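The values are calculated or read from the model by the stated rules, or taken from the named source; none is laboratory data. Because the structure is a prediction, the values reported are computed rather than measured. Here the Cβ is made from the backbone with ideal geometry for all residues, glycine too, and neighbour counts use every protein chain on show. Protein only, heavy atoms only, side chains kept; ligands, DNA and RNA dropped before computing areas. Shrake-Rupley method; radii C 1.70, N 1.55, O 1.52, S 1.80 Å.
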Amino acid sequence: MTEFVDGWILGHTLGEGAYGEVKLVINKTTREAVAMKMIDLVKHPDARLSVRKETVIHRMLSNPNIIQYFGQRSELTMEYIFLEYASGGELFDRIEPDVGMPTWEAQKYFKQLISAVEYLHGRGVAHRDLKPENLLLDENDNLKVTDFGLATIYRLQGKERCLDKRCGTLPYVAPEVLTRPYHAEPADIWSCGIVLVALLAGELPWDQSSAECPEYVAWREGKYASLTPWKKLKDSSLALIGRILVHLPSSRYTITDIKQHPWFLKKLQKVDGLAGRDQIDGFDLKRMHYDHQDLKRLCLSQPELPGMENINYQRINFVERPAFCFSQPAHMEDLLLSSQLHATQHTQSTQNNFQKLVRRMTRFFVKTECEMTLKKLINCLKRQSYAYKINDFGIITVSTVDRRKMPLVFKVNIVEMDGKILVDFRLSKGCGLEFKRRFVKIKSNLDDIVLKGPVM
């Protein structure tokens, strides 16, 4: 970690985007953390205008359910955007593939999403890429809309214009966006409806909302009752979704209509969530209090080894690792400089509030040591014909395509902490639901080494 500007430390990579990385930046004195979006203008010379538009729009916004914009810095070859750091992770990580999440939880997030979109539309702003991957959670588990790279102003001084740019992520895009021109508000509302389906059913209803897609045609013709995901949904939620996902924008529910619907108004009881919300394979994380001196850490962005056919496991360093950071670190104590950590880990506690990390469901403990875990994991990836690379610290970058032939990239990290080995998966690029499906399959194939049962 290096000093970015006076008093601020450049931390770890939080994620990757179309134009560059998002990194953590920490104030040395206050330990305040912000997310810094970095845009490489050498690799993407056309990005400067997009960045200018994004920042102009984002600085207009101030809402509890929208990531806060802090500022921008321009250099000759780089653009930097400073944003609120959402320590709760990504919404898609709460969605179990093909299952979804408890109804009360889906309703909570959907209400917060509608609140954010209502605010945006009140400001004359269309987001145009609403999906779970662009919805983050703060430390209090509140939804935050992020990524305004495709946002635009469609109403100014009371005058509204139609939009004609075909943009967004196909499974979430409204049918009129594919034909153009289109009105901004119904298109965003359609995307909210698809997000609700994903929350409740753990899958997307179609690849795209066009006549070429048989699943969408079945929906339009009312021949969907026996099909998934619709047969998973209760009548009340399905009734609301049916009024949102209406092909004709003029007949589609407005936000006012949504807020008056019985399912939206009903106060759903909070019940115990899916198995795994407070546990990782039976480990009651609320009972686990890590206050030890040997928390091993690793970095997500080390150089990768060129050849993977004959891996030299002795070359991989499982001991001397740089500072470890999950995609959203759980506690500011985890943001110690790597040099400081190594020097002090035998003299003072690194106190890790580990129970907060249960929000990440894409991880599990194993019975095997680091080297054997890595070998078994690589064998599993080979059996499933995944392309992968591995770096000097045993971090694997996996590349594949999803069912829609779109790129899917994720990283696997083997973490040793307090004598226990944790295998942690993190999405880098692609559909969150597809990533979770791959995770579930890999975990199933490693069932013989997955550690189950309560701790102590």
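Between amide H atoms placed 1.01 Å from N, distances below 5 Å from residue 70 occur with 82, 83, 84, all of them 5 or more places distant or on a separate chain. Which pairs, out of 37/165; 231/389; 131/420, put more than 32 Å between their alpha-carbon atoms? Beyond 32 Å between Cα atoms: 231/389; 131/420.
For residue 78, the amide hydrogen comes within under 5 Å of the amide hydrogens of 41, counting only partners 5 or more places away or on other chains and with H modelled in the peptide plane.
For the stretch 182-263, applying the loop criterion from DSSP together with a ceiling of 12 other beta carbons within 10 Å to the GluC sites (Glu not before Pro) yields 212, 221.
Can you flag which of 259/441; 232/270; 159/267 are past 30 Å Cα-Cα? In this structure, 259/441; 159/267 exceed 30 Å between Cα atoms. The residues of the stretch 94-152 expose on average 27 square angstrom of accessible surface per residue, using a 1.4 Å probe on protein heavy atoms.
Where in the stretch 155-186 does the label zone of residue 56 land, with the point 7 angstrom along Cα→C-beta and an amide N cut-off under 17 Å? Output list for this probe position: 155-165. In order along the stretch 143-158, the phi-based Karplus estimate (6.51 cos²θ - 1.76 cosθ + 1.60, θ = phi - 60°) of 3J(HN,Hα) comes to 6, 9, 6, 9, 6, 9, x, 10, 5, 8, 9, 10, 9, 9, 6, x Hz; Gly and Pro are listed as x. Computed over protein heavy atoms with a 1.4 Å probe, the carbon and sulfur contribution to the accessible area of the stretch 1-136 reaches 52%. Modelled spin labels at residue 104 and residue 401, positioned 7 Å past Cα toward Cβ, are 4.4 nm from each other.
Centroid-to-centroid, using Cα positions, the stretch 103-165 and the stretch 205-267 are 19 Å apart.
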